[in-house]
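Q: One structure, as structure tokens, below. Some questions next.
The values are calculated or read from the model by the stated rules, or taken from the named source; none is laboratory data. Please read these numbers as outputs of a predicted model, since none were measured by experiment. Virtual Cβ from ideal backbone geometry, glycine too; neighbours counted across all protein chains shown. Protein only, heavy atoms only, side chains kept; ligands, DNA and RNA dropped before computing areas. Shrake-Rupley method; radii C 1.70, N 1.55, O 1.52, S 1.80 Å.
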Amino acid sequence: EKFIKGYTVLRGSAGPFTEYWTDRIYSAGKAYFEGKLRVTGSLTAHSYTNIGVCFATEKGVDMSVRRETMALGDNEERLYKDGDVFGIAVDYDNQVLYYRVNGRWMTGEPGSGSGKRLKTGVEYRACVLTAGTTSSGVERGERQSDSTWEVNFGNKAFAFPLPKGFRPYQG
């Protein structure tokens, strides 16, 4: 895929965002992964930029419940900038997603039960959304900018300690 270079997920050329997901599917256990936000041409992340888990489907993912399963809610993207590191800890046994930014847990520490609730009986994949200025926006004079991700599923050392009881997503 021309939009994936090593561990960096780039934005596709069509539309305001591009979604990417892992082949690995989970419905049980406790898994963790990280993503470093990369922002070019702008001070903060674009709308639609996000990281978390998505419903697994035969063809990829179902993004219809993005707000419930992704780290960021509506309009929170602009709070984050180039280099911010997001940690995603998903407790599939108790159906809770926790996330942290730059080491600080935003939804409470894993095990606290205060994270985002997941649906029971559903399979999930890790996923990211990249975003940026559309080609029509550039034609109207908007400055080209992109928000992309450098993802780490455990193939190298994490930026922050692995939460107790969790394993690397690809572990």
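Q: Which residue is modelled with the highest pLDDT, if the candidates are limited to region 35-60 and must be open to solvent by 10 Å² or more (accessible area, probe 1.4 Å) and closer than 22 Å to residue 167 by Cβ?
A: 36
Q: Right, here's the next one. Among residues belonging to region 71-118 that are among the polar types (S, T, N, Q) and closer than 21 Å to residue 24 by Cβ, point out the one that is most open to solvent (accessible area, probe 1.4 Å).
A: Here the residue is 94.
Q: Is it the case that residue 87 is within 14 Å of the chain's Cα centre (by Cα), within 16 Å of residue 129 (Cβ to Cβ) and among the small types (Gly, Ala, Ser)?
A: Details: within 14 Å of the chain's Cα centre (by Cα): yes; within 16 Å of residue 129 (Cβ to Cβ): no; among the small types (Gly, Ala, Ser): yes.
Considered against the rule, which asks whether it is within 14 Å of the chain's Cα centre (by Cα), within 16 Å of residue 129 (Cβ to Cβ) and among the small types (Gly, Ala, Ser), residue 87 comes out as no.
Q: If you don't mind, there's one more thing I want to ask. In region 119-165, what count of residues is obtained for those that are open to solvent by less than 20 Å² (accessible area, probe 1.4 Å), in a loop (DSSP other than H, G, I, E, B) and modelled with pLDDT of 90 or more?
A: Going through region 119-165 one residue at a time, the tally reaches 1.
Q: So in region 18-45, with the set limited to residues that are more than 13 Å from the chain's Cα centre (by Cα) and of a type in the set (A, V, I, L, M, F, W, C), which one is nearest to residue 170 (Cα to Cα)?
A: Initial filter on region 18-45 (more than 13 Å from the chain's Cα centre (by Cα)): 23-31, 39-44.
Subsequent filtering for residues that are of a type in the set (A, V, I, L, M, F, W, C) retains 25, 28, 31, 39, 43.
On the way: 25: 10, 28: 14, 31: 8, 39: 26, 43: 32 Å.
Result: 31.
Q: Then there is this: Please go through region 9-34 and give me each residue that is open to solvent by less than 40 Å² (accessible area, probe 1.4 Å) and either within 19 Å of residue 83 (Cβ to Cβ) or at pLDDT 90 or above (or both), ordered by number.
A: To start, the set of residues in region 9-34 that are open to solvent by less than 40 Å² (accessible area, probe 1.4 Å) comprises 9, 11-12, 15, 18, 20, 22, 26, 29, 31-34.
Listed by number, the residues that qualify are 9, 11, 26, 29, 31, 32, 33, 34.
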